[in-house]
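Each remark here refers to the structure printed beneath this line.
The values are calculated or read from the model by the stated rules, or taken from the named source; none is laboratory data. Just so you know, these numbers come straight off a predicted model, no measurement behind them. Positions of Cβ are backbone-derived with ideal geometry, glycine not excepted, and every protein chain shown enters the neighbour counts.
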Amino acid sequence: MPQSDANASPVDADRLQRFMFEELDIRGALARLDEAWASVRGAQRYPEPVERLLGELLTATALLASIVKVSGTLTVQATGDGPLAALMAECRDRSNLRGIARIRDAKALRMEARDDAAGTGILGKGLVTITIRPDIGDRVGEAYQGIVPLDGSSIAEALEGYFAQSEQIPTRIWLSTKGERSAGMLIQALPPEMAHHDHGERRREEDFGRITLLADTVSGSELRELPGERLLTRLFFEETVALQRPEGLAFACSCSRERTRDALRAIAEQELEEIIAEEGDIRMECQFCHAEYRFDRVDVAAVHASAAPDDGQVH
């Protein structure tokens, strides 16, 4: 039965709840997205099958970020040759989320998505890429990246496949997105170097199999609607589960005028001048949050002179 510490509480809206099985070398996390998911969902309207997959990937990214040792940015991307070209979700500092989808062929997508069980099939054959960019003081450290084939019929299965192939750590994930709420749960065996108990490999495998067998009884509606402590009690009544302090989750975009200006440096100044002559200025919109950045002739000259013009964000 779950045991809360003095600062713990059930998972609520836009919260992540980590937990440990005290007598086992197994950890877990619950995540529920409400306003954070609504912000991503509202930024760009997608067909329902795409929206569902993006919500699941966003929730899974929050869960994965909770088990990463270093602070920084974790990005999960699924790409394929199907009508849905890509899904991408990002979590910064274990709390700030954003995500986006790229549709290659809307008509073909509608045809394939008629089957409610289409799942990741609309991505076709592709890859799952997880990138971790650690923060080191005021700079970004060297990125770590793992890439595996996109296997399985769901986001959860694809990510479980990633851990089986790349990390070789037993990991199971359950996800559910419906309407304005997305939720998920992760169960993972502790890596050997983090184990607290002197259990043999066979015992560890048996424990993990038993816990995941219990977790497999969870329904999508329970993930989305039951308070975290009540859900864990329902699933693991005979286990001693320690809840850690809940952590907040929110939509937040990392775009900035400076980053947008850096992108302009890759374009010849003459080409930028031609755009300004035709359009009056250069307008660039963030596809995650729709913030708009404008640059005029003075800005363009400053860009190529490595200067820093004043902020010109349109609110």
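Values for this structure:
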item: Residue under evaluation residue 274, criteria (1) within 30 Å of residue 35 (Cα to Cα); (2) without any contact (Cβ under 8 Å) to a residue 24 or more places away in the chain, criterion not met; result: (1)
item: Cβ pairs under 8 Å, 6+ apart, first in the stretch 198-227 and touching a residue at least 40 places away in the same chain (Cβ under 8 Å), second acidic (Asp, Glu) and part of a helix (DSSP H, G or I); result: 199/207
item: Residue list for the stretch 229-242, restricted to those being modelled with pLDDT under 95 and surrounded by 21 or more Cβ atoms within 10 Å (Cβ to Cβ); result: 229
item: Residue, nearest to residue 172 (Cα to Cα), within the stretch 214-225, restricted to residues that are in contact with a strand residue (DSSP E or B) (Cβ under 9 Å, 6 or more places away or on another chain) and surrounded by 13 or more Cβ atoms within 10 Å (Cβ to Cβ); result: 215
item: Residue 74 at pLDDT 95 or above and of a type outside the set (Phe, Trp, Tyr); result: yes
item: Residue among 127, 63 that is touching a residue at least 12 places away in the same chain (Cβ under 8 Å) and under 13 Å from the mean Cα position of the chain (by Cα); result: 63
item: Those residues of the stretch 268-284 which are surrounded by 14 or more Cβ atoms within 10 Å (Cβ to Cβ) and closer than 30 Å to residue 89 by Cα, in sequence order; result: 282, 284
item: Unique residue being under 14 Å from residue 67 (Cβ atoms), over 15 Å from the mean Cα position of the chain (by Cα) and free of Cβ contacts under 8 Å to residues at least 40 places away in the same chain when the list is 169, 187; result: 169
item: Positions within the stretch 118-136 being small (Gly, Ala, Ser) and modelled with pLDDT of 95 or more, in sequence order; result: 126
item: Restricting the stretch 162-177 to residues that are over 22 Å from residue 210 (Cβ atoms) and surrounded by 16 or more Cβ atoms within 10 Å (Cβ to Cβ), the residue that is modelled with the lowest pLDDT; result: 162
item: Selection count, the stretch 13-36, where residues are in a helix (DSSP H, G or I) and either crowded, with 23+ Cβ neighbours inside 10 Å or over 17 Å from the mean Cα position of the chain (by Cα) (or both); result: 1
item: Strands (runs of 3 or more DSSP E) within the stretch 37-125 that include 1 or more residues hydroxyl-bearing (Ser, Thr, Tyr) and crowded, with 16+ Cβ neighbours inside 10 Å; result: 72-80
